[in-house]
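First the structure, in the form of structure tokens, and then the observations on it.
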């Protein structure tokens, strides 16, 4: 079922139910009112009949009869029965109309008045005793033809109104649903028209704050990300091809030169050394690429341990002191929490080491071994690592690309590197449900902030 | 001590500019003032009962306050003070008075519309900062730097 029809159906159903409830309410009270009104009329007539019966004077009887016939008129199927009570206040059983229920008679005797309805006939009973003629019961019955007619009329009107309003509601519901969903249909058409070749197309932005505007913005953001991803894919192929080709060209050049003519052993050795250098560069590059590729596997493939982040950092520092002895990394561990669980992360020790050492090595490398600081803090759910250097920095408008493989800042082309240290670190941190954020200013330095969720086992 | 003015829209991402204060003023003790433009309602009642601190408390979400506190802990060796003020004036004269009152001459702003000012009655004071401060550093932040994984697709490695 299409969403439009579903909305219309729900709209009709809800309105129909509400209307039915209201109409039943109206009909019920109209019926109650009509019945009460008719009982009141019967009661008045019964009272008049009782008064006429009880009077001794023939003239009075004539007057009562005259009032009844002239002013009160006769009701349809009106029937008036008077039963005299025996002196002990009981009604002789032989006199009772056995069609009437016993409870009705009992209520008349006890309450002096009772009402009763059978089919379309209404009965009222009145116990009358004015002390002149003795107690007697007047039972008056009649059919409320006019009331029933009025109620039938009301019923027909309500049914008519219900069906007509249902038609209106369904037309309006259909129209409203179409109107409400038309932006979605528009978005669907537009999104369907977007292909790889026109990925720059965006949905018309709306300034409203409703859900549809949010949907449009979400789609546009998704398209932005897709476009970035497409662009990067192209850039990546270019960069990677370039990086792989450079050492290969050098190797081919060296071998070609070496083979061009007969050379001395020393010359061959030199050529081989150069080939070895380029091959080892290629090896580093390919290893790096493999590492980068491996981290894309899902976390099921990783060896997961419980790791203390401060311990990892100390181990990385030991390695770093060997690799870059002149480094000036300062560790600030003053804010370590008392509870060591707040320093433990569940994840791959090897990968986290690779990520953090890449970032620290970068900090040392691009700051020419000026001061680098590393601070560890914890908050109520995360371990926060802040690494700050005073190096060459990254142009701020290039920050958005630094996590892309092979991307290298425009100001560090002279520094050796391949441009996959940060992308790898980024992948590893993301894999551990962490976040990484870089702020940088050219020639002033860089601040890298890493946020890793700590384990919450009790 | 260097007093630096930084605009804020009371979102966590606006606190990213604080890192740039640290980077741009190395080796200096900083007193950072976060500022947001704020339109006071023009009824007499609102003007009489306006309390800057109360409005600031309303505007600061729990996450914002938490991030601000974390930032202070991260950089407590260089950050001396971190206050928030609302600028409720309309023009440059009022803003100059605000700067004079707080003794601020330098500030950091974003180049594009990085901050969104979605909180009611707030507005971006960056243009006033640019015109009235003696020195402003513009940072071209355009997107949130919280990257998601889909942006880096390693599958392209195999396309070489």
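Take the alpha carbon gyration tensor of the stretch A:301-348, find the square roots of its eigenvalues, order them as a ≥ b ≥ c, and report rounded if a/c is under 1.5; if not, report prolate when a/b exceeds b/c, else oblate.
oblate
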query = What FRET efficiency would be calculated for the residue pair residue A:262, residue B:52, taking the C-beta separation as r and a Förster radius of 56 Å, to the nearest 0.05?
reply = 0.05
note = Counting only DSSP beta bridges fully inside the stretch B:2-159, the antiparallel percentage to nearest 5 is 10
Inter-label distance for residue A:284 and residue B:62, nm, one decimal - labels placed 7 Å from Cα along Cα-to-Cβ = 4.9
query = Among A:200-209, B:36-45, how do they line up from the highest to the lowest mean number of other beta-carbon atoms within 10 Å?
reply = B:36-45, A:200-209
Rough spin-label spacing in nm, given labels placed 7 Å along Cα→Cβ, for residue A:379 and residue A:201 = 4.2
task = Please order A:432, A:98 by the number of other Cβ within 10 Å, starting at the fewest.
result = A:98, A:432
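Write down the percent of antiparallel bridges among all DSSP beta bridges whose residues are both part of the protein assembly as shown, to the nearest 5.
Given both bridge residues lie in the protein assembly as shown, the antiparallel proportion sits at roughly 65 percent.
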request  = Based solely on C-alpha atoms, express the radius of gyration and the Dmax of the stretch A:3-152 in angstrom.
outcome  = 22.0, 82
Relative exposure of A:364, B:60, judged by other C-beta atoms within 10 Å (fewest first) = B:60, A:364
note = Nearest-0.05 FRET efficiency for residue A:69 and residue A:212 at R0 = 60 Å, using Cβ-Cβ distance, is 0.20
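Does the stretch B:1-64 classify as rounded, prolate or oblate by the C-alpha gyration tensor (a ≥ b ≥ c root eigenvalues; a/c under 1.5 gives rounded; else a/b over b/c gives prolate, otherwise oblate)?
Because a/c hits 1.5 or more and a/b exceeds b/c, the stretch B:1-64 counts as prolate.
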query = What does the convex hull of the alpha-carbon atoms of chain A project to on average, in nm²?
reply = 46.4
ask   = Using the 10 angstrom Cβ neighbour count as an exposure proxy, how do A:245, B:3 rank, fewest first?
value = A:245, B:3
message = Using a Förster radius of 60 Å, what is the FRET efficiency between residue A:192 and residue A:117 based on their Cβ-Cβ separation? Nearest 0.05, please.
response = 0.35
ask   = So how far, in whole Å, is the C-alpha centre of the stretch A:184-209 from the one of the stretch B:15-52?
value = 38
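Rg/Rh for the stretch B:2-159: what does it come to with C-alpha atoms and Rh from Kirkwood?
Ratio value, two decimals: 1.03.
We did not get these values from a lab; they are worked out from the coordinates using the rules stated. Keep in mind that what you see is a predicted model, and the values were worked out from it rather than measured. All Cβ positions, glycine included, derive from the backbone under ideal geometry; neighbour counts span all protein chains shown.
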